[in-house]
Amino acid sequence: MPPMRVLIFEPQYVGHNFTYVNYLASRLVELGCEVHLVTSRQALGSEEFENHLGHLRPHLRCLAVDGFTERSNGAGISVNGILNARSLVRGLQIGLTTIRPDHLYVLSGNPIAHWMGLPNPISRYLRQNGIESEVVLLFGKYAYLHCGLAALIKAKLALCALARGPWHRVHHILPRAIEVMSAFSSGFAQRVRLLPDPIDPPIIMTRPEARRILGLPENGRYIGLIGVIEKRKGIYEFLEAFEKALVHLPASDRALLAGKSTEEVRNFLSSRFQGLTDSGRLIFLDRHLNRQDLWAAHNAADVVTTPYPDHVYSASTVIRAAAVNRFVLANRIGWMEETIEELCLGMTCNISDSQMFADKIVESMASSVNFTVNQKAQYFVQFHSQANFATYLTDRLCERLHQRVDEQGFRDKMSRLDAAIRPNTVQI
């Protein structure tokens, strides 16, 4: 019997995107599946592809699709807006009709998931050909409603579209989103699943070891903003607050920006905050962080900050910080506020109030001394492992694979019985 043909659709390649592909594809290879990746031409030639998926080249059949628009800041492709959604739909349609898979995963489903609830050729194709599809969602205004009637209507429409879509499984990394979707209808509740926001196994090292790996001065304390360095991460708010906090911090305390930056941020830092860099109070590691460097950045910091201005959703940096016992200072918003306060992972504040943010930077640096996470937080970190992510995401596929094995075993048994009851034949 031929192996299960599985299509992973992921044209985006910055941030977590190819990390998810790596975890899922590795598990699919272990399960003996024929694994296809449909992605963008830009992604296939990216540094991120080689870093995250290079080791899977012998096992991964890649189809690069053209027609995607690069983001103006150079950080990946554009996925938001009607025109970009159309390019995603077109790319998915090309992948489906070219590969004709048995099973489909859409790993960054938010830009197109709701379109699939409307009459469209992709949903018809999936249903007509018996292709089971699963979608991963990271966002959704239905999870954290904004005020007003318009927001409520949009949330209801989004839930209707999701429920009407072709998805056999709808995975979401937000517990609150799962609660809202499950309450929407009993039929929909049976298809939704909470998915870990995965992190790879942490590399534990001392602060001095981590700082030596990154080439940082080993003295003093660091407050670090780690990951892709772009405006939406609250870079400007963070550095303005840090600048105000300096009068209350020892001369050896520093801010650390670690991760690949956008050109917009580079230009801003070289003008507005060049003084911080020149004085040595700001260290900017502007490069893609491999696994060791990423964990070294978290271990090197005394405080990890996530001052994301509008991000009400899950933040894997918070999980990584907890995994290495680092104090977190975050924006007082959504998932970050709930998680940090419930699990005692650090503190939150309104980062739009620059003076309040500055005061909390000083307070968090002091509170980070001898900080350690509690047992509940340790369980939280364990849940969000990459192994759990792969196991939860392939649960339905494993059911199908076992069913296929059982059907094959049944046919083999029938063949043996058939051979046993046939009269012996004489070959001439």
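Per q in 0.17 1/Å, what log10 I(q)/I(0) does a Debye calculation on the alpha-carbon atoms of region 106-258 return? Debye curve over Cα of region 106-258, log10 I(q)/I(0) at q = 0.17 Å⁻¹: -0.98.
Between N374 and Q128, take the C-beta separation as r, use R0 = 45 Å, and let me know the FRET efficiency to the nearest 0.05.
On the way: r = 52 Å, r/R0 = 1.15.
Here the calculated transfer efficiency is 0.30.
Counting 0.36 nm for each residue step from K244 to D66 and taking away their Cα separation leaves a gain of 59.4 nm. Between R100 and I153, the simple label model (points 7 Å from Cα in the Cβ direction) yields a spacing of 4.5 nm. Taking Cα centre as origin and charging only the Cβ of basic (Lys, Arg, +1) and acidic (Asp, Glu, -1) residues, the dipole magnitude of the chain rounds to 1140 debye.
Under 20 Å from the 7 Å Cα→Cβ point of T391, by amide nitrogen: which residues of region 21-54? Label zone hits: 21-33.
Given an 8 Å cut-off on Cα distances and at least 6 residues of separation, report the relative contact order of region 291-393 as a percent. In percent, rounded to a whole number, it is 26.
Would you please give the FRET efficiency between I82 and S352, computed as 1/(1 + (r/R0)^6) with r the Cβ-Cβ distance and R0 = 35 Å, to the nearest 0.05?
Once rounded, the FRET efficiency stands at 0.70.
Legend: translational diffusion of region 5-199 by Stokes-Einstein, Rh = Kirkwood radius over C-alpha pairs, 10 °C, 1.306 mPa s; D = 92 µm²/s. Using alpha-carbon positions, what is the distance between the centroids of region 86-141 and region 35-78, in Å? Each part reduced to its Cα centre gives a spacing of 18 Å.
Once the Cβ-Cβ distance between E263 and N290 is put in as r, and R0 is 22 Å, what FRET efficiency do you end up with, to the nearest 0.05?
Working: r = 22 Å, r/R0 = 1.00.
Taking R0 as 22 Å, the efficiency between E263 and N290 is 0.50.
Of the residues L92, F383, Y308, the one whose Cα sits farthest towards the positive end of the charge dipole of the chain is L92 (charges of +1 on Lys and Arg Cβ, -1 on Asp and Glu Cβ, taken about the Cα centre). Here Rg and Dmax of the Cα atoms in Å was calculated from the structure, and among [x] 24.4, 101; [y] 22.2, 69; [z] 21.7, 83 it sits at label [x]. Note on E363 and K231: the model spin-label points, each 7 Å out from Cα along the C-beta direction, lie 3.0 nm apart. Considering every alpha-carbon pair of region 277-396, the percent of pairs per 5 Å bin, from zero through the bin containing the longest distance, is 2, 10, 18, 21, 22, 15, 7, 3, 1, 0, 0, 0.
Once you put a point 7 Å from the Cα of C344 and another 7 Å from the Cα of H55, both along the Cβ direction, what distance in nm separates them? Distance between label points: 3.6 nm.
Which length gain, in nm to one decimal place, applies between R400 and R164 when the Cα-Cα distance is subtracted from 0.36 nm times their residue separation?
Details: separation 236, 0.36 × 236 = 84.96 nm, distance 2.27 nm.
Working it through step by step, the gained length comes to 82.7 nm.
Values in this text are rule-based calculations from the coordinates and carry no lab data. Only a predicted model underlies this, so the values are computations on that prediction, with no experimental measurement involved. Note that we place each Cβ from the backbone using ideal geometry, even for glycine, and neighbour counts take in every protein chain shown.
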